[in-house]
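Here's the structure, in structure tokens; my notes come after.
Bear in mind these aren't lab numbers, they're just calculated from the coordinates by the rules spelled out. Remember, predicted model here, so these are calculated numbers, not experimental data. A quick note on method: Cβ atoms are made from the backbone with ideal geometry, for glycine too, and the neighbour counts reach across all protein chains shown.
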Amino acid sequence: QLVESGGGLVQAGGSLRLSCAPSGRSFSNYAVGWFRQAPGKEREFVAGIEWSGGSTYYAHFVKGRFTISRDRDKNTVYLQMHSLKPEDTAVYYCAADLRGVGSTREAYDYWGQGTQVTVSS
């Protein structure tokens, strides 16, 4: 089980930092991905990070605005979001898997419940 936090309401152009931490387990050896799902839309890949933290991946629509990182000491993965736009409004989910970063839902075995991000115009 993963637990996300940090969502909320922010004005366009603002920033938020989402956190993802496992409940009762370590993130060691797990790749972690962030996905989002807006009402009426499919869940889409946003960003991913390999367990080593050496490789990161981003969807084209967040490149240059979002940064994924991990803190091994805190056993937490972060998604720092800047220059937020109303179209970034969605429920954001983190997911983890031992197989490495993937861009599809099927690539991850473990999921959180999601955290709502709302960007007002």
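Using only the C-alpha atoms of the range 51-111, find the volume of their convex hull and express it per residue in Å³.
On the way: hull volume 6.5 nm³, N = 61.
So the per-residue hull volume is 107 Å³.
In debye, nearest 20: dipole of the range 13-121 around its Cα centre with unit charges on the Cβ of K, R (+) and D, E (-)?
Values: 13 positive and 10 negative charges, 34 e Å.
For the range 13-121, the charge dipole is close to 160 debye.
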In nanometres, the difference between 0.36 nm per residue of separation and the alpha-carbon distance of His60 and Ser26 is 9.3 nm
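Relative contact order for the chain: what percent, with Cα pairs under 8 Å and sequence separation of 6 or more? Please report the intermediate quantities before stating the final value.
Details: 306 pairs, mean separation 44.2, N = 121.
The normalised contact order for the chain reaches 37 percent.
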Partner lysines whose C-alpha sits under 21 Å from that of Lys41, ignoring same-chain residues fewer than 8 away, are Lys63, Lys85
In whole Hz, the Karplus estimates of ³J(HN,Hα) for the range 102-109 (6.51, -1.76, 1.60; θ = phi - 60°; x where Gly or Pro) are x, 10, 10, 4, 5, 7, 10, 8
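What FRET efficiency do you get for Asp73 and Gln1 if R0 is 30 Å and r is their Cβ-Cβ distance, rounded to the nearest 0.05?
Values: r = 21 Å, r/R0 = 0.69.
So, using R0 = 30 Å, E works out to roughly 0.90.
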The chain, convex hull of Cα, quarter of hull surface, nm² -> 6.7
With the label point 7 Å along the Cα-to-beta-carbon line of Gln11 and a cut-off under 20 Å to each amide N, the hits in the range 55-88 are 81-88
For Ala59, the residues 5 or more places away or on another chain with a placed amide H closer than 5 Å to its own amide H are Ala47
Connecting every pair of Cα atoms under 10 Å apart in the chain and solving the GNM, the largest mean-square fluctuation among Arg105, Arg25, Arg17 falls on Arg25
Which of Val91, Val46, Val32 fluctuates most in a GNM of the chain (C-alpha springs under 10 Å)? That residue is Val91
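For Leu98 and Glu42 in the same chain, what is the full-extension length gain: residue separation times 0.36 nm, less their Cα-Cα distance, in nm?
On the way: separation 56, 0.36 × 56 = 20.16 nm, distance 2.38 nm.
This chain segment gains 17.8 nm when fully extended.
Let me have the relative contact order for the range 2-53, percent, based on Cα pairs under 8 Å that are six or more residues apart. Working shown, then result.
On the way: 59 pairs, mean separation 14.3, N = 52.
Across the range 2-53, relative contact order equals 28 percent.
Work out the length of the dipole vector of the range 63-115 about its Cα centre, built from +1 on the beta-carbon of each Lys and Arg and -1 on the beta-carbon of each Asp and Glu, and round it to the nearest 20 debye.
Details: 8 positive and 7 negative charges, 37 e Å.
Dipole size: approximately 180 debye.
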